[in-house]
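The values are calculated or read from the model by the stated rules, or taken from the named source; none is laboratory data. Worth saying up front: this structure is predicted, and the values here are computed from it rather than measured. Glycine also receives a Cβ, built like all others from the backbone with ideal geometry; neighbour counts cover every protein chain displayed.
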Amino acid sequence: MPDAAVAARSSETTNSGATQQVDVAVVGAGFAGLYLLHKLRKAGFSAVVLEDAGDVGGTWYWNRYPGARCDIQTMDYSYTFDPELDREWTWSEKYATQPEILRYFGFVADRYDLRRDIRFNTRVKAAKWDDTSDRWQIVTDNGADVSCRYYIMATGCLSTPKPPEIDGVKDFKGEIYFTGRWPHDGVNLAGKRVAVIGTGSSGIQSIPLIAEQAAHLTVFQRTASFALPAHNGPAPDDRKTYFEADRAAYREQARWSLAGVPYPQEMAVSWQLSDAERRERFEKAWAAGDLVHILTQLWADQAADFDSNALIGKLIHEKIRAVVKDPETAAALSPQDHPFGSKRPCLDTNYYATYNRPNVTLVNLRQEPIKAITASGIVTDKRSVDLDVIVFATGFDAMTGAIMAVHPITGRAGKSLSSVWAQGPQTYLGLTVAGFPNLFMITGPGSPSVLSNMAVSIEQHVDWVVDRLAALRDAGFTTMEATETAQAGWARHMADCSMLTLHRLANTWYTGANVPGKVQTLMPYNSGVGPYRGICNEVVSRGMLGFKLTGPDVAEQCNDGEVVRLQPDVRLVLGMLAEMNLPQIESLGAQGARDFLTEFNKGRPAGRPVGEVGSGALQGAEGPLPYRLYRPATPGPHPIVVYFHGGGWVLGDELSDDPFCRDLCRRSGMIVVSVGYRHAPEHRFPAAAEDGYAATRWIAEHAAELGGRPGPVLVAGWSAGANIATVTCQLARDRGGPQIAGQLLVCPVTDCRFDRPSYADNAVGYFLTRALMFWFWDIYCSPADRTDPRASPLRGNLAGLPPAFVATCEFDPLRDEGIEYAEALAAAGVPVEQLQARGHIHSSLVMVDVVITGVGGRAKMAEALRGFAGLPRKLEESADISPISVNAAAG
Ligand code: NA7
């Protein structure tokens, strides 16, 4: 049905006694609720929207404080489901004011004749699932109760204001206002002594305008926010031109982007840019006045890396100092306690300059907390401020508040949502909750919601939910419920994602830290609307994975499981590789595969700087071999790690694991010497193994010349390189040296058998394939030689080997032989630490600056090397941000 014709369709609701019977009840007539109603009607469902307010608009109905505006460019904060609607409405400004946004919702409601199915001034008092009828029973405070098959919370993320939490509010004799519940006919502040408590977006937008009216304004600030000038006015030409060039393409790009606004993925990391280049990017972002721009376009690691993020903080502090004349006030306004972007940054108009006005005072609550509100004003530890008006800009019980606190929701077996969420919100996809059949949330906790352009996220949710309801109906199902397995998997995925960004380091409403006693967890999904959309689509394409579907006349369907088991960044990398449609390496021949690897490696981030990089030649088993040496910036002599690169004994060279060698050198504070051993097919088994041993002996003998610490060396390697490293340990033990203090084996090849489960489970799809391993083995080693411990070290004598650190990855064909080797070492009495990297693939741990969730693992490997060398394990205090578990399995 064309969108414009939907208005004519009536929602055929019926009244049975005092109860209104509908297919779907929706709570909230804001951005989400309006589109839901339209889309439900279009899909042929009867629906009612229950709305507490007197009209449409949701958060924009209530938030009428002076200066209230959108902080996503309104061109992007619009419905896109109907291109005609998109064309009929033109925003007057880059960031529309609250009244204009409210007019837009009124326009939408009129255009699709939505109001006739919205019950205004109607609050839901309770919602209960009835197992016998498979329906929700909704109790309202105004008019008929409602019985519905599906219940959808379109209650918004920021709609339940937080209570003031300050003693004495009731004693105050003056006027009290909440920005989130501002009087509709405005407030006259002229000539009054006004206080604003709170300096989030609402405070920062309203303070400059309140200061213009009030006789005196005192701002009570607990946490300074980062604010950047909005530079409001007409929509900027560059964005408008981009949009108008191809509106449909622009909207589609937004849907698959990170934040719901089309911007390219920034590739350059902070340390690759000079100071001047960084400043130039920052100035451009500052001039753009666009949160999405400054949050995503400065440098690739700005949201993930603490040090890179701190560079932005310093540049913003400079800006604040340049505007605010009083240095003490400027310092108080400069955020020091959270990374930029980890708490919602704000857009302002004259915010910092407002503090230069003679009628404005900033009170820094970190230095003088509020003691109480009294009849005449506010008393802090250091002063008493007499007031006529107090404005609370103190924020919301975000995300869960509107769903949970508004009314009791009771699911199966009488369980209440608040009891199920007592330890934090549990959802599947942020859309559904196990135990609450046919209950849906639009932009609920666990979905991108507030970390995205809400418009894009809302439309995606509404489309997904209504399309599912239609598909359910067509298949004869009447209930849909998330499984516990799927929900637990989503919680794990959310926890993995939360390690990717710095949000966890801030006290913010994103984590619930603003509400006393609220369980803290990163509530929005932080890995982007595009990836999230892909996951929701995958749930459908995999047969409604993680949902149980039932109906009176059909067999129950439950395709149980977890939709994402990979680490989020590994999933992205694999997705990008799949899009590149790369050839099968084994089809290229040895030289072709080597050329391919060289080209492929050109696309990865360059390794980070170390003290010095050198190269030279050493003596291998049958002649000179090239090496690359990485020296730390710290004074030596350093212990030496002899490193063997990966590549199946066929590919790679002493340079091919360059970023990983640099990372090992930086993190361990040791010299890393990467050896260019000989490859098959030119030099088949045992050339690589014998070169490994000879190179280690040579390096140990020439340690002092290399600037290293004389004495035992360490060995390390990845994949086939780890095979060479551990074979070297066996040979060194049997051939009288050199002394090796420890071995780091990353995803090692340890045996020639291919029948372990990991070979079957991870045969394809995780970069290193079973076919490629077969090819490597065939080229390197004839079947008769493969059981030789120099090829299959698992078959050798493991007693008396140096202590080992063995890292394996869950989605790697080599996983099981690596674990078996670690266990065999331990059984032979060798001290072993095992790292089993959940959700990772064969190359995860060596993909430095690409697989961020591998950082914790890389830190642990470096620590292990230091331990082997007798150094304190930690080079520097570094936050452990890895979801990887390390089990000591000491022999
Ligand atoms: P926010 O961003 O939660 O800001 C609330 C502000 O109020 C923030 O500065 C809080 O400091 C402060 N606050 C909260 N409680 C208190 C008490 N008890 N005492 C002193 N100060 C307090 O809400 P907004 O309404 O400004 O913005 C919400 C979102 O709307 C915004 O992010 C945009 O997405 C649009 P704290 O930081 O907790 O120390």
Open item on the list: Whether any residue in the stretch 194-203 is within 16 Å of the ligand (Cβ to nearest atom), within 19 Å of LEU102 (Cα to Cα) and touching a residue at least 60 places away in the same chain (Cβ under 8 Å) is what I want to check.
Closed with: yes
TODO: For the stretch 136-193, name all the residues that are within 16 Å of the ligand (Cβ to nearest atom), among the aliphatic types (A, V, I, L, M) and not in a strand (DSSP E or B).
DONE: LEU158, ILE166, VAL169
- [ ] Residues being part of a helix (DSSP H, G or I), in contact (Cβ under 8 Å) with a residue 24 or more places away in the chain and either touching a helix residue (DSSP H, G or I) at 6+ places or on another chain (Cβ under 8 Å) or over 20 Å from ALA771 (Cα atoms) (or both): count how many of those fall in the stretch 572-589.
- [x] 5
Task: Subset of the stretch 513-536 (residues that are away from the ligand (no atom under 16 Å from the Cβ), out of contact with any helix residue (DSSP H, G or I) (no Cβ under 7 Å at 6 or more places or on another chain) and not in a helix (DSSP H, G or I)) - done: VAL519, THR521, GLY528
Task: Residues of the stretch 215-264 satisfying the condition of being among the hydrophobic types (A, V, I, L, M, F, W, C), outside any loop (DSSP other than H, G, I, E, B) and crowded, with 16+ Cβ neighbours inside 10 Å - done: LEU217, VAL219, PHE220, ALA227, LEU228, PHE243, ALA254
Open item on the list: So in the stretch 346-373, with the set limited to residues that are assigned to a loop (DSSP other than H, G, I, E, B) and closer than 18 Å to THR394 by Cβ, which one is farthest from the ligand (Cβ to nearest atom)?
Closed with: GLU368
Open item on the list: Just to verify a result, which residue in the stretch 383-419, among those that are among the polar types (S, T, N, Q) and in contact (Cβ under 8 Å) with a residue 60 or more places away in the chain, is farthest from the ligand (Cβ to nearest atom)?
Closed with: THR410
Open item on the list: So, in the stretch 576-589, exactly how many residues are surrounded by 14 or more Cβ atoms within 10 Å (Cβ to Cβ) and in contact with a Gly (Cβ under 9 Å, 6 or more places away or on another chain)?
Closed with: 1
Task: Search result, residues across the stretch 780-793 that are buried (at least 21 other Cβ atoms within 10 Å of the Cβ) and either touching a strand residue (DSSP E or B) at 6+ places or on another chain (Cβ under 8 Å) or assigned to a helix (DSSP H, G or I) (or both) - done: TYR780, PRO793
Open item on the list: Being under 21 Å from ALA763 (Cα atoms), modelled with pLDDT of 95 or more and not charged (D, E, K, R) narrows it down to one residue among LEU865, LEU845, LEU801; which is it?
Closed with: LEU845
Task: Criterion (among the small types (Gly, Ala, Ser), surrounded by fewer than 19 Cβ atoms within 10 Å (Cβ to Cβ), modelled with pLDDT of 95 or more and not in a helix (DSSP H, G or I)) met by exactly one of GLY636, GLY652, GLY614, GLY592 - done: GLY614
TODO: Scan the stretch 265-281 for residues that are in a loop (DSSP other than H, G, I, E, B) and more than 17 Å from ALA303 (Cα to Cα) and jot them down.
DONE: SER274
Task: Residue within the stretch 167-178 that is surrounded by 15 or more Cβ atoms within 10 Å (Cβ to Cβ) and modelled with pLDDT under 95 present - done: yes
TODO: Kindly indicate whether LEU189 is buried (at least 22 other Cβ atoms within 10 Å of the Cβ) and touching a helix residue (DSSP H, G or I) at 6+ places or on another chain (Cβ under 8 Å).
DONE: yes
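Does the stretch 422-434 hold any residues that are buried (at least 18 other Cβ atoms within 10 Å of the Cβ) and either of a type outside the set (S, T, N, Q) or in contact with a strand residue (DSSP E or B) (Cβ under 8 Å, 6 or more places away or on another chain) (or both), and which are they? Even if it seems obvious, please write down each step before you answer.
In the first step, residues of the stretch 422-434 are kept if they are buried (at least 18 other Cβ atoms within 10 Å of the Cβ); the result is 425-434.
Within the stretch 422-434, PRO425, THR427, TYR428, LEU429, GLY430, LEU431, THR432, VAL433, ALA434 qualify.
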Open item on the list: Under 8 Å between Cβ atoms, which residue pairs at least 6 apart in sequence (or on different chains) link something in the stretch 822-836 that is surrounded by fewer than 19 Cβ atoms within 10 Å (Cβ to Cβ) with a partner that is among the polar types (S, T, N, Q) and not in a helix (DSSP H, G or I)?
Closed with: ALA828/ASN797
Open item on the list: So, GLN272, is that one modelled with pLDDT under 95 and over 26 Å from LYS343 (Cβ atoms) or not?
Closed with: yes
Open item on the list: Pairs please, first residue from the stretch 304-324 and closer than 20 Å to SER270 by Cα, second anywhere and part of a helix (DSSP H, G or I) and among the β-branched types (Val, Ile, Thr), Cβ atoms under 6 Å, 6+ apart in sequence or on different chains.
Closed with: ALA304/ILE852
Task: Selected residue [out of contact with any Asp or Glu (no Cβ under 6 Å at 6 or more places or on another chain) and part of a loop (DSSP other than H, G, I, E, B)] from ALA285, ALA304, ALA300, ALA330 - done: ALA304
Open item on the list: From the list GLY652, GLY592, GLY614, GLY646, exactly one residue is among the small types (Gly, Ala, Ser), touching a strand residue (DSSP E or B) at 6+ places or on another chain (Cβ under 6 Å) and closer than 25 Å to VAL749 by Cα. Which is it?
Closed with: GLY646
Open item on the list: What's the total number of residues in the stretch 98-126 that are in contact with a helix residue (DSSP H, G or I) (Cβ under 9 Å, 6 or more places away or on another chain), among the hydrophobic types (A, V, I, L, M, F, W, C) and either surrounded by fewer than 18 Cβ atoms within 10 Å (Cβ to Cβ) or over 18 Å from TYR79 (Cβ atoms) (or both)?
Closed with: 1
- [ ] Tally the residues that are over 14 Å from GLY818 (Cβ atoms) and in contact with a Phe, Trp or Tyr (Cβ under 7 Å, 6 or more places away or on another chain), restricting the search to the stretch 755-770.
- [x] 2
Open item on the list: If a residue must be within 11 Å of the ligand (Cβ to nearest atom) and within 15 Å of LEU387 (Cβ to Cβ), how many such residues does the stretch 208-244 contain?
Closed with: 2
Open item on the list: Testing LEU362 on (1) crowded, with 18+ Cβ neighbours inside 10 Å; (2) within 32 Å of the chain's Cα centre (by Cα), one condition comes back false. Which one is that?
Closed with: (2)
Task: Filtered residues of the stretch 53-87 (kept if part of a loop (DSSP other than H, G, I, E, B), among the charged types (D, E, K, R), within 25 Å of ARG181 (Cα to Cα) and within 16 Å of the ligand (Cβ to nearest atom)) - done: ARG64, ASP71
- [ ] Return yes or no: is THR380 more than 23 Å from SER201 (Cβ to Cβ), in contact with a strand residue (DSSP E or B) (Cβ under 8 Å, 6 or more places away or on another chain), within 16 Å of the ligand (Cβ to nearest atom) and hydroxyl-bearing (Ser, Thr, Tyr)?
- [x] yes
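Tell me, which residue of the stretch 595-611 that is under 27 Å from HIS702 (Cα atoms) and modelled with pLDDT of 95 or more is farthest from the chain's Cα centre (by Cα)?
Top of the filtered list is GLY611.
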